[in-house]
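No value in this document is a laboratory result; all are computed from the given coordinates. Predicted model, so just to flag it, every value in this text is computed and none were measured. With ideal geometry, Cβ positions are generated from the backbone for all residues, glycine too; neighbour counts draw on all protein chains shown.
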Amino acid sequence: MTGLEHLLDLQGVDTHLDQLRHRRATLPQRRELDELAKRRRAAVDGAAEQRTEREGLGREQRRLEDEVAGVEAKVTSVDRQLYGGHITSPKEAQALQADLESLKRRQRDLEDQELEIMEQLEPLDARLAEVDAEVSTIDADRITTDAALAAAELEVDTEVASLEARRQQLAGEIDAALLTTYEQLRKGHDGVAVARLDHNTCQGCHLTLSPGEVDRIRREAPSVAAHCPECQRILVR
């Protein structure tokens, strides 16, 4: 094989490598992970208002519970004074009885408020439980998709490593100056720097060359790198 034939093989390897790198960057698992991340954010953000409301109600519920506990302690204390056998004054007993009734009314009022809070919490807790379940499912799917992505990347990377070894071998069989020209042309020609001349058509830009240009190129020595007059790619006869 001539250096130009080796260069054409190198172009095939480089094109395949470009395709593999594009494939790696656009693996469907990446898109799936993006979609899962969007779904997770939407679920969490969509429940943010309910979660804030739930936190506020939870604080109010704890406050009421503490207040009920304090009232209950006072009820127990007054009840003990009233019925402990140490009260001898009817007036004092009457005052304690009034305090006891007032405390019990306060306790009932607080317990009613607690019940109202619990009724408000029930639908919120149900909604937030649904969101938590959805997020858990999404997180499980993300773990599975991450593993699938890693496997797909490994498959591509293994093929890339094999092709890179082949590329290194081919590059060693090509004249250094020709290889430099090839590398420079690849940068400005979408990665394709060399193409076959098929009859009178450049397979790089697919334009038809004039008979005079074709004749001139064909008369060049096989080792001479001719260029397409239209796209400037290296032509292999």
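Brief remarks follow.
- Footprinting exposure proxy ranking of Cys228, Cys202, fewest other C-beta atoms within 10 angstrom first, gives Cys228, Cys202.
- Virtual spin-label span in nm between Arg105 and Asp79, 7 Å along Cα→Cβ: 1.9
- Per-residue [θ]222 nm for the chain (sum of -39500 (n - 2.57) over DSSP H runs n ≥ 4, rounded to 500): -28000 deg cm²/dmol
- Using R0 = 35 Å, the C-beta based FRET efficiency linking Asp198 and Lys38 works out to 0.15.
- The stretch 174-237 and the stretch 7-49: distance between their alpha carbon centers, rounded to Å: 34
- Cα gyration tensor, the stretch 1-133 - rounded (a/c under 1.5), prolate or oblate: prolate
- By the Cβ distance rule (another cysteine Cβ under 4.7 Å), the chain contains no unpaired cysteine.
- The trypsin sites (Lys or Arg not before Pro) of the stretch 127-179 include none that meets both conditions, a loop assignment by DSSP and at most 13 other Cβ atoms within 10 Å of the site Cβ.
- Whole-number percent relative contact order across the stretch 23-171, with pairs defined as alpha carbons under 8 Å at least 6 apart: 45
- Using the empirical formula 2.2 N^0.38 Å as the baseline, the Cα radius of gyration of the chain reaches a ratio of 2.35.
- Inter-label distance for Arg31 and Lys91, nm, one decimal - labels placed 7 Å from Cα along Cα-to-Cβ: 9.0
- Label-point separation in nm, Arg166 to Glu230, each point 7 Å along Cα→Cβ: 2.9
- Taking 0.36 nm per residue of sequence separation and removing the Cα-Cα distance, the Gln113/His22 pair yields an extension gain of 26.5 nm.
- Taking 0.36 nm per residue of sequence separation and removing the Cα-Cα distance, the Gln120/Leu154 pair yields an extension gain of 7.1 nm.
- Crossing angle, helix 176-188 versus the chain [Cα axis fit, 0-90 degrees, rounded to tens]: 50
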